[in-house]
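A.B. asks: Before we start, here is the structure in question, set down as structure tokens.
The values are calculated or read from the model by the stated rules, or taken from the named source; none is laboratory data. Computed from a predicted model, the values in this text were never measured in an experiment. Cβ placement follows ideal geometry from the backbone for every residue including glycine, while neighbour counts extend to all protein chains displayed.
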């Protein structure tokens with residue numbers, strides 16, 4: 001399983017991948033954080049799940065979403081927005097843009113692991129039910 005985490009904060013990327021490694025040691029965690037890194041990674045691999053920071057800089061989240069839509073098969077890749085906070089308008093916009101799930105960033109490492117575990121287990125369960 002390939003988990004991509006797109007975030008401009010290096011500490012968030014490190015904690016996220018540490019949590020993924022603890023929970024799902026067989027998973028690969030990739031963390032592109034510039035637009036060119038994202039493009040290059042998506043051209044080379046198809047992630048199972050992409051966690052995208054809702055307030056990434058200097059490229060906007062919408063620009064990242066447009067790139068993800070162009071370079072991934074959305075039937076194969078689950079897209080999760082994770083952010084510290086989102087306005088009601090942002091929530092509506094992400095829903096309109098086809099985001100699969102929105103997760104508020106955790107305030108503790110334990111909560112981060114719970115959030116990651118919930119999303120990945122949901123993905124695994126969905127894939128299991130799609131397999132004939």
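A.B. asks: Taking the condition of being touching a residue at least 24 places away in the same chain (Cβ under 8 Å) and part of a helix (DSSP H, G or I), how many residues in segment 38-53 meet it? Write out each step before concluding.
C.D. replies: Narrowing segment 38-53 to residues touching a residue at least 24 places away in the same chain (Cβ under 8 Å): 38-39, 41-43, 45-53.
Now restrict to residues that are part of a helix (DSSP H, G or I): 38-39, 41-43.
Residues meeting the conditions: 5.
A.B. asks: From the residues in segment 46-56 that are more than 16 Å from residue 97 (Cα to Cα) and modelled with pLDDT of 90 or more, which one is surrounded by the fewest Cβ atoms within 10 Å (Cβ to Cβ)?
C.D. replies: Residues of segment 46-56 more than 16 Å from residue 97 (Cα to Cα): 46-49, 56.
Restricting the remaining residues to those that are modelled with pLDDT of 90 or more gives 46-49.
Working: 46: 12, 47: 23, 48: 18, 49: 23.
Once the filter is applied, the top-ranked residue is 46.
A.B. asks: Can you find a residue that is crowded, with 16+ Cβ neighbours inside 10 Å, under 14 Å from residue 16 (Cβ atoms) and under 13 Å from the mean Cα position of the chain (by Cα) anywhere in segment 57-78?
C.D. replies: Checked against the condition, which is being crowded, with 16+ Cβ neighbours inside 10 Å, under 14 Å from residue 16 (Cβ atoms) and under 13 Å from the mean Cα position of the chain (by Cα), segment 57-78 yields no hits at all.
A.B. asks: Moving to a separate point now. Anything in segment 1-37 that is surrounded by fewer than 19 Cβ atoms within 10 Å (Cβ to Cβ), without any contact (Cβ under 8 Å) to a residue 24 or more places away in the chain and in a helix (DSSP H, G or I)? List them, or say none.
C.D. replies: The answer is 10, 11, 14, 17, 18, 21, 36, 37.
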